[in-house]
Amino acid sequence: MTHYFDPSATDDDLLRAIRRDGSERAFGILYDRHTPRAYQTAWRILGGSQADAEDAIQEAWVRATASLDSRRSDAEFGAWFRSIVAHVAIDIVRKQQRLELDADIDAALDENEESNERLDLESAIASLPAGYRAVLVLHDIEGYTHEEIGTRLGITAGTSKGQLFKARRAVRARLAPRIEERT
Amino acid sequence: MRNDDRSFDESEWTPEERARLADLSTHRVPPGELKERTMRALRDQGHIGRRRIPAWIIVGGLIAATLVFGAGALVGYAAATRRSVPSVASPVAATRAVAQIDSTANATPAARHVVWY
């Protein structure tokens, strides 16, 4: 069955068509609408790895379409989908055993400092160890609470706060010389 | 997802840093082939690209088919039982009836009327 969908069709209309008919056209519109935002989230959590971010997006769409029936109808689809993407991205980091929440962030940054390269904000975030980066991205950019981050990462809210403290300090340390240069 | 606990420590971003954070791009264009790759994966798993029959229709169909089959079987059994009563239950009676007719025929032979002119 082929349906014509206006590109301005609501998410709910598109989701209904996907659930009812498996409409590829409806999925295509939904994909174009929500992937760029979610791809950025995955890309940041995964430290700028394009291949990992692509895997995260594909897996997230598979999980999302498989669980459309259990999605709360009042939840905004974009936010719901991005939460799946964040979950998948963290899973990928964990599988790669890069989610070291007790990593020595100062040592990691010292290694970077040796290159004497000053980074912009995006690169400074990407240069953080994966666990710190995940907490900073989820809290400061995606807007999650420490309780939500704790649930996702399997840590306490207090640990998440400590991670964020160190992550911000590290990012600031990488940016500070630039700020000084400007002033 | 609310930032309801942002003022917990002295590492809080300054207004300038917060502005730089807010300026970070929220969107990133994914490579074009990712869409086709994703759609292929969804097609392979049956989530898109074919008409999906809702579970309630499948279950309802199965129940309806079972009911129709059961009802047909019952009606058929009842009809078969009713028809077989005379033929199966009284073979002896039937034989007796034939014998009786034969004997009756012997006892009262048909009269033959001969008219002579």
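Laboratory data are not the source of any read-out in this text; all were calculated from the coordinates shown. Small disclaimer: the values here were computed from a predicted structure and weren't measured. We place every Cβ from the backbone using ideal geometry, glycine too, and count neighbours over all the protein chains shown.
The table below gives the values:
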| quantity | calculated |
| --- | --- |
| FRET efficiency, 1/(1 + (r/R0)^6) with R0 30 Å, evaluated for A:E122 and B:R43 via beta carbons | 0.30 |
| Theoretical FRET efficiency, 1/(1+(r/R0)^6), r = Cβ-Cβ of B:A22 and A:D74, R0 25 Å, to 0.05 | 0.35 |
| Average partner coverage of B:25-37, which counts Cβ from other chains inside 10 Å | 6 |
| Approximate spin-label separation B:I57-A:D12, in nm, with each point projected 7 Å along Cα-to-Cβ | 2.3 |
| Amide H contacts of B:G49 (H built 1.01 Å from N, under 5 Å, at least 5 apart or other chain) | A:S23, A:E24 |
| Region A:131-140 - phi-based ³J(HN,Hα) in whole Hz, Karplus 6.51/-1.76/1.60, Gly and Pro as x | x, 5, 4, 4, 5, 5, 5, 5, 7, 7 |
| Average beta-carbon neighbours from other chains, 10 Å sphere, peptide A:140-150 | 3 |
| Stretch gain in nm, segment B:E33-B:A79, where the contour uses 0.36 nm per residue and the Cα spacing is subtracted | 10.0 nm |
| Hz values of 3J(HN,Hα) by residue in region B:13-20 - Karplus curve (6.51, -1.76, 1.60), Gly and Pro given as x | 5, 6, x, 5, 5, 5, 5, 5 |
| For residues of A:154-162, the mean tally of beta carbons on other chains within 10 Å | 1 |
| ³J(HN,Hα) computed for each position of region A:41-50 - Karplus, 6.51 cos²θ - 1.76 cosθ + 1.60, integer Hz, glycine/proline x | 4, 4, 4, 5, 4, 8, x, x, 7, 5 |
